[in-house]
Every structure is written in structure tokens, then in C-alpha cells.
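Report on one structure; see the data block that follows.
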Amino acid sequence: MSCASCSSAVEKALLATPGVISATVNLATEKARVQLAKPDLLQNAIAAVQKAGYDAEPIETASQPSSAGASRAGSHPTKQNDHEGTMVLWGALLTLPLVLPMAGMLFGKHYMLPGWIQLLLASPVQFWLGARFYRGALKAIQNRTGNMDLLVAIGTSAAFGLSAYMLGEGNQHLYFEASAAVITLVMLGKWLEARAKRQTTAAIAALQALRPDTATVIQNGQEKVLPIASVAVGMQVVVKPGERIPLDGRVLEGEGHVDEALITGESQAVEKSPGSLVTGGAVNLDGRLLIEVSAVGAETTLAKIIRLVEDAQAAKPDIQKLVDKVSAVFVPVVLVIAVLTLLYWVFLAEGGNLELAIVNAVAVLVIACPCALGLATPTAIMAGTGVAARHGILIKDAQALELAHRINTVVFDKTGTLTEGKPSVGAAVPFNSNSLHSFLAKAAAVEAGSAHPLAAAVLAYAQGQGVQWPGVSQLQDQPGRGVSGMVDGTRVYVGTARWMRELGVPESALSTVNQSLPDNAPTHAWVAEGQQGEVSLLGALGFGDALKAGAFAAVQNLTNLQVNSVLLTGDSRASAQRVAQALGISEVQAEQLPHNKSEAVAHYRQQGQVVAMVGDGINDAPALAAADVSFAMSSGTEVAMHAADITLMRPDPALVAQTIDISRRTYNKIKQNLFWAFVYNAVGIPLAAMGLLNPVVAGAAMALSSVSVVSNALLLTRWKPKLLKPETVEL
């Protein structure tokens with residue numbers, strides 16, 4: 001594909017194919033992402049692309065084992081680029097003798113090669129090196145569209161044909177240098193553009209390079225090296241110092257430090273010990289680790305990261321859809337302008353003639369550049385999502401990146417997002433005559449069947465107190481409220497004060513126990529027993545949870561970006577206020593159920609705010625879905641991550657501000673690229689039509705326009721977060 005018109009033609013061909021549900025074509029990556037009704041329709045989609053005059057082949061990688069996708073044939077971009085570089089060199093060698101005499105005229109040297117030598121030099125450039133433009137033009141005609149190749153083919157053919165005619169008439173004022181120089185310069189521009197585009201995909205290439213080809217597994221007590229594709233879940237893998245961890249898993253034996261920088265963006269090595277989770281692609285720096293494999297192939301974290309980045313780069317934001325509409329009519333409009341230019345210089349211009357008219361019309365054709373328009377958005381999206389991934393920010397699609405730059409309100413969940421999510425029991429207060437031992441035993445029995453972060457803290461505290469708890473049955477989880485179960489024939493409830501009130505626990509009982517809970521344990525879990533309507537309070541547990549090291553910096557960074565922070569939690573108001581005051585958050589909504597959280601987010605949106613929600617738990621999934629842009633911590637639940645638009649690969653809330661920053665910079669690059677692409681054409685085409693640009697200068701400008709757009713987008717790859725350093729804030 002040579003320009004936006006080509007990608008539009010491929011997209012239309014795919015969408016017109018029966019069984020194709022959706023299709024998007026990315027000019028920058030030369031890939032199509034196709035959703036099919038049935039997997040066996042893939043060959044039909046490929047045939048449609050080939051019928052449109054282009055080549056395609058399916059993409060099959062570990063991240064996308066059999067996805068319905070089509071890619072431009074040519075799986076060796078480096079070899080292809082080397083071949084194009086050789087062709088450019090041949091073009092330069094053949095064109096320089098034609099152009100040098102023009103340069104000599106600047107120094108008063110008037111020398112021109114004989115016409116027949118000019119013809120011999122220009123012919124291979126026109127018909128051998130320029131054959132690609134004729135092929136592209138033929139495709140455009142077959143598809144009843146226009147593209148860059150059509151403009152170049154018509155323009156250079158006109159210049160070459162005019163020169164050949166004039167040579168036959170004995171005229172020595174020829175334009176062979178114009179046709180040859182335009183083709184060579186456009187080829188040079190395409191070669192430089194391809195080299196630059198490869199750099200925009202460097203992030204994916206770097207991630208793909210993290211995959212080891214083999215793994216050392218333990219079989220029958222012996223170490224054996226197997227291809228990575230032969231390793232299955234449950235196998236035990238040995239990773240020696242300096243080796244990459246081949247697949248996701250859990251450490252069984254050994255201790256050491258692991259470098260996860262390219263996966264999570266965390267610059268510090270992470271200590272691993274038995275029970276620690278490890279990610280495939282990370283480097284084991286020291287110590288021998290024995291790992292039990294937990295995920296392989298497309299289910300590994302690395303494969304999911306690559307898939308997310310590829311999906312984001314393949315998607316089209318709304319602004320690109322507008323550009324596509326402009327590109328669809330761009331070439332026909334340029335052809336009309338070229339014809340009008342020809343007619344004006346032949347019939348209306350003073351001193352005009354056919355020779356000058358053709359030269360000016362050629363200049364109009366070769367200076368028009370739909371490529372710059374087509375590349376302006378995807379190259380910036382690719383560079384932005386790529387550099388974000390390198391810093392631990394995974395953006396699901398281009399729509400999220402486009403929306404993120406407008407975020408003005410960020411809603412944070414508390415537990416696990418702003419706090420460590422590793423609470424510990426700081427106090428246990430039984431009510432009335434209930435003994436501490438009995439009260440803890442019943443609470444621990446119910447929490448033993450719960451996956452809530454507080455449950456582990458309750459069990460650890462009960463064990464520390466020497467408490468043994470009975471079994472539990474009929475366990476019922478109440479999202480946003482708590483959990484209950486049958487213990488020794490009686491239903492026991494562990495949950496929020498709000499739930500206790502709903503169950504009929506007297507306010508006076510809650511108030512009495514609350515007065516005995518210390519300030520350093522602001523999160524409370526209340527314990528009660530009985531049947532509905534006859535529930536009596538047993539006591540309460542107070543929990544403390546440290547703030548994350550980056551929480552204060554996260555809020556301050558957002559403030560610096562003029563973004564408002566809101567704390568939205570199901571926890572008690574006292575606990576929420578304590579966290580908010582420590583972090584400088586002025587707006588707090590506490591004791592919120594999951595549906596209340598989503599309603600709160602919707603309320604902010606109704607006020608005209610662009611809202612981001614940051615959470616990590618199952619309870620946050622409705623609110624994440626309700627937000628304009630949703631963030632999930634990779635340390636959180638799978639439900640939260642699937643509901644989120646953006647996944648933060650390390651549990652650092654400061655990444656939210658970094659995401660908004662890179663989104664704003666990316667969107668600015670898109671606007672810069674589109675501005676220059678439109679201005680370039682808006683200025684260049686009229687100047688060429690007025691006869692103020694000769695075809696050689698027009699061709700050089702055309703080549704430069706695409707290269708400049710891609711190069712401007714590449715500046716994003718140098719982005720590094722320049723934000724406040726994390727600092728510890730005590731609750």
C-alpha cells in the first residue's frame with residue numbers, strides 16, 4: 001500500500017466480503033484486523049484483498065494464534081527495505097547526470113547532455129524503477145479509486161512523453177530530468193518513510209524479542225531443554241542466573257532478583273522467593289529458580305501485552321475516520337485541479353503554451369501527497385502506545401488514547417489502588433458479654449471461605465491469637481456489603497456498618513463498639529449473628545492499610561495536570577476521610593455499593609466531565625464500565641482488567657497521570673501532523689498550479705512531507721515521565 005487511498009480500497013474490499021463483520025486497515029503497519037463470522041472464511045477475506053490488487057497472508061503469532069487477520073505479504077521487512085534502498089541507489093545513479101546540469105546553471109555553467117543520452121538514462125528510471133507506480137495506478141483504476149501511485153504515474157508519464165515528443169521534433173529543451181527526479185525522490189521518500197515506520201513498531205519488536213525459544217524443564221528428575229511450544233501448564237522449569245524466564249509461573253524453590261523493566265516499566269529488580277509469581281520474558285538476575293508453569297502460549301502475560309498493543313495500534317480513532325473521508329476524495333480533486341491547470345495555461349494564461357501547461361499540471365500531480373494525510377494519525381498512535389507500553393501502561397484501543405487526553409476528573413478506589421491492599425487487624429472489640437475467642441472464631445470461620453483482602457488479615461490475626469475456627473457452610477457473598485455463612489447452625493455475618501443496619505442491628509450497639517475502635521485502624525468489619533430481623537452484634541474488627549508509596553505523588557501529579565481527584569470507596573467514611581486528607585483529595589464518597597459507584601461515575605459524566613475510574617477489584621467492574629476511560633491495576637482481578645480500557649502493569653497509581661500526559665502528547669502530535677499535511681497540500685498545490693514550482697522541486701517536497709510526518713511522530717518515542725518522585729505518607 002502506498003497511501004491512504006490504498007488502505008481504504010483494501011478496507012472496502014474486506015467489508016464487501018460475505019462473512020466479514022468488521023475490518024480496519026492500518027497504513028503505517030500495513031496490517032488489517034478482520035473480524036469474521038466463521039474462522040474458515042479467512043481465505044475468502046484474503047481472496048478479496050488479492051482481487052483488489054494487493055497481496056495478503058494470515059498473521060499467526062503466539063499472541064494471536066489463529067486470529068482472523070491479514071497482513072501485507074512480505075514477512076521480511078528488513079530484506080524488502082534493503083531491496084528498495086538498492087533501487088533508490090540505481091535511481092540516483094541514473095538521475096544525477098540529468099540533474100547536475102541544472103545545478104551547474106546556478107554557477108553560470110550551461111551544459112546539457114544530448115537528448116538521446118537523456119532518453120537512455122530516463123527510460124530505465126521511468127519503466128523499470130517506476131514500474132511500481134504503474135502497477136499501483138492500475139490497481140487504483142481497477143478499484144475505481146485514486147491513489148498516490150496514480151498521481152505519480154500520470155505526472156511522470158506526461159513529463160516523459162512530452163520530452164520524447166519534443167526530442168522527436170528536434171527540440172533540445174527537454175524534461176527527462178523532471179520525470180526521473182520525481183520517481184527517484186518519491187522512491188527515496190518511501191524508503192526513508194519505511195525505515196522510520198519500522199521504528200514506530202520498535203515497542204512490539206522489543207516485547208517479541210523477550211520470548212525465549214527454549215525452556216529447561218524437569219522430566220523424570222533430569223533437566224531437559226524443550227522448545228517453548230512443547231512446555232505445558234504444570235511443568236516445572238529451571239531458570240538459571242542471567243536467563244530469561246520462559247513462561248508465567250510460581251516459584252517453587254530458590255530465591256533471587258528478577259528484572260521486569262521491559263514488561264512493567266519497573267526499573268528496580270524485584271525480589272522473588274517460593275510462592276512469588278513470575279512473568280515470562282523477565283530476566284533472572286541471580287539465584288537458581290524452580291518454577292511451576294501457570295500459563296503458556298497466548299495466555300501468558302507477555303502474549304496478552306503484545307496483543308493489547310497490537311490491538312491499540314490497529315484501531316482507528318474518530319479523528320482518523322474523518323481523515324479517511326478526506327483522503328477518499330483527495331486524489332479525484334487533485335486530478336480535477338491538474339486538468340484545470342492544464343486548460344488554464346493552454347487557453348487563458350498570457351504567454352501560455354502546451355509545453356508549460358503540461359509542466360505545471362505535472363507539478364500539481366506530483367506535489368499532492370495523500371500519504372502524509374494517511375500516516376499522520378496511525379504513526380502517532382503507534383509511537384504513543386509503544387512508548388506507553390515500555391513504561392508499563394497498556395492501552396486497549398486508540399479510542400481510549402484519544403479520550404484520555406481530555407480527562408479532567410479521576411475517580412480512585414481506595415483499597416488496593418491508593419493503599420497497599422494488604423490490611424492487618426489492629427483491633428478486635430467484642431460487644432457486651434461475647435468473648436474475644438468466640439467472636440474471632442465465628443468471624444474467621446466465615447472469612448475462611450472469602451477471597452476479600454480483609455479475609456486473609458482476619459485469619460492471620462485469629463491464628464496469632466491461637467484461635468481455631470469451625471467449618472462453614474452455605475456461604476453467601478454480598479458485593480459491597482460483606483459475606484455470611486452458617487457456623488454451628490447459626491448464620492454469621494461479616495461486613496459493613498451499612499449492612500448491619502440493613503440487617504436490623506441497633507445503631508446504639510454500633511456506636512458503642514465504634515467508640516472503642518482506635519484511630520489507627522480506620523477500616524471496620526462488623527460481625528453479627530442470627531436470622532433476618534433477629535440479628536445481634538458480636539463485635540467489630542479494625543484494620544489498618546498503608547498508603548502506596550506513589551499515592552501522594554499520583555494525586556499531586558494529577559493536580560499539576562489540572563485534573564481533579566475523587567475518592568470513591570465502599571469503606572467507612574472515617575477511613576475514607578483519613579486517606580483523602582493524607583493525599584490531598586478534597587472530594588470523597590464513602591460507603592458506596594458497586595451499583596452506587598457506577599451511578600456516581602455516571603453523575604460526574606452527566607455534569608460534562610470526562611471521567612477516568614481507577615480500580616482493581618470485582619466491586620469496581622461496574623464503575624470501570626461506566627467511566628469514559630477506565631484504569632485497572634495488573635495486580636487486581638481479571639474482571640477489573642477485562643473491564644478496563646487501560647491496564648497499569650505495576651500497582652503504581654502515579655501511572656494514571658503519566659497516561660494522561662502521554663495521551664496529550666500523542667494527540668498533540670496527531671494535530672501537528674494533520675495540520676502540516678493539510679497546510680502542505682493547501683499551499684503546495686496552488687503554487688504548483690500557478691507555475692511557481694517545477695516538477696523536481698514538487699517531487700522533493702512530496703517525498704519530504706511523508707518523511708517529516710513520520711519523523712515528527714517518532715519524537716514521541718523519546719518521551720519519559722517527568723513527574724514528582726514518590727514519597728511515603730503516613731495515615
Residues in region 488-529 that are assigned to a strand (DSSP E or B) and closer than 27 Å to Gly421 by Cβ: how many?
10
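Please pick out the residue among Ala164, Ala140, Ala122 that is among the small types (Gly, Ala, Ser) and within 41 Å of the chain's Cα centre (by Cα). Break it down into steps so the answer makes sense when it comes.
Numbers: Ala164 fails: within 41 Å of the chain's Cα centre (by Cα); Ala122 fails: within 41 Å of the chain's Cα centre (by Cα).
Just one listed residue meets the conditions, Ala140.
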Among the residues of region 1-52, which ones are modelled with pLDDT under 80 and part of a loop (DSSP other than H, G, I, E, B)?
Met1, Ser2, Cys3, Leu27, Ala28, Thr29, Glu30
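Look at Val710 and say whether it is in a helix (DSSP H, G or I) and within 20 Å of Ala361 (Cβ to Cβ). Spell out how you get there, then give the answer.
Values: in a helix (DSSP H, G or I): yes; within 20 Å of Ala361 (Cβ to Cβ): no.
The answer is no for Val710.
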Which ones in region 489-513 are out of contact with any helix residue (DSSP H, G or I) (no Cβ under 8 Å at 6 or more places or on another chain) and without any contact (Cβ under 8 Å) to a residue 40 or more places away in the chain?
Gly489, Gly495, Trp499, Glu502, Leu503, Gly504, Val505, Pro506, Ser508, Ser511
Qualifying positions in region 347-367 - modelled with pLDDT of 85 or more and among the polar types (S, T, N, Q)
Asn360
Among the residues of region 426-469, write down those that are under 16 Å from Gly485 (Cα atoms) and either in contact with a Ser or Thr (Cβ under 7 Å, 6 or more places away or on another chain) or outside any helix (DSSP H, G or I) (or both).
Val446, Ala448, Gly449, Ser450, Ala451, His452, Trp469
Inside region 348-421, counting only helices (runs of 4 or more DSSP H) that do not spill past its ends, which hold 1 or more residues that are farther than 25 Å from Ala137 by Cα?
370-390, 398-404
If you take the residues in region 21-55 that are within 24 Å of the chain's Cα centre (by Cα) and of a type in the set (A, V, I, L, M, F, W, C), which one is surrounded by the fewest Cβ atoms within 10 Å (Cβ to Cβ)?
Ile21
From the list Gln577, Gln532, Gln581, pick out the single residue that is out of contact with any His (no Cβ under 6 Å at 6 or more places or on another chain) and without any contact (Cβ under 8 Å) to a residue 12 or more places away in the chain.
Gln581
Can you name the residue in region 94-147 that is loosely packed, with under 14 Cβ neighbours inside 10 Å and part of a loop (DSSP other than H, G, I, E, B) and is also modelled with the highest pLDDT among such residues?
Pro114
Please state which one of Ala549, Ala521, Ala525 is of a type outside the set (Ser, Thr, Tyr), in contact (Cβ under 8 Å) with a residue 60 or more places away in the chain and surrounded by fewer than 18 Cβ atoms within 10 Å (Cβ to Cβ).
Ala549
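Yes/no per residue for (1) assigned to a loop (DSSP other than H, G, I, E, B); (2) under 27 Å from Thr385 (Cα atoms); (3) modelled with pLDDT of 90 or more; (4) not acidic (Asp, Glu):
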site: Ile154; (1), (2), (3), (4): no, no, no, yes
site: His173; (1), (2), (3), (4): yes, no, no, yes
site: Ala178; (1), (2), (3), (4): no, no, no, yes
site: Val186; (1), (2), (3), (4): no, no, no, yes
site: Arg195; (1), (2), (3), (4): no, yes, no, yes
site: Arg198; (1), (2), (3), (4): no, yes, no, yes
site: Val258; (1), (2), (3), (4): no, yes, no, yes
Is one or more of the residues making up region 625-636 closer than 13 Å to Thr417 by Cα, at pLDDT below 85, aliphatic (A, V, I, L, M) and crowded, with 22+ Cβ neighbours inside 10 Å?
yes
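Quick check on this structure: which one of Pro378, Pro370, Pro317 is in the same structural domain as Ile183 (by TED's automatic domain parsing), at pLDDT below 85 and touching a strand residue (DSSP E or B) at 6+ places or on another chain (Cβ under 7 Å)?
Pro378
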What about Gln592, is it in the same structural domain as Ala460 (by TED's automatic domain parsing), at pLDDT below 85 and not hydroxyl-bearing (Ser, Thr, Tyr)?
no
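The values are calculated or read from the model by the stated rules, or taken from the named source; none is laboratory data. Since we're looking at a predicted model, the values are computed, not measured. Here Cβ is always computed from backbone atoms with ideal geometry, including for glycine, and neighbour counts include all displayed protein chains.
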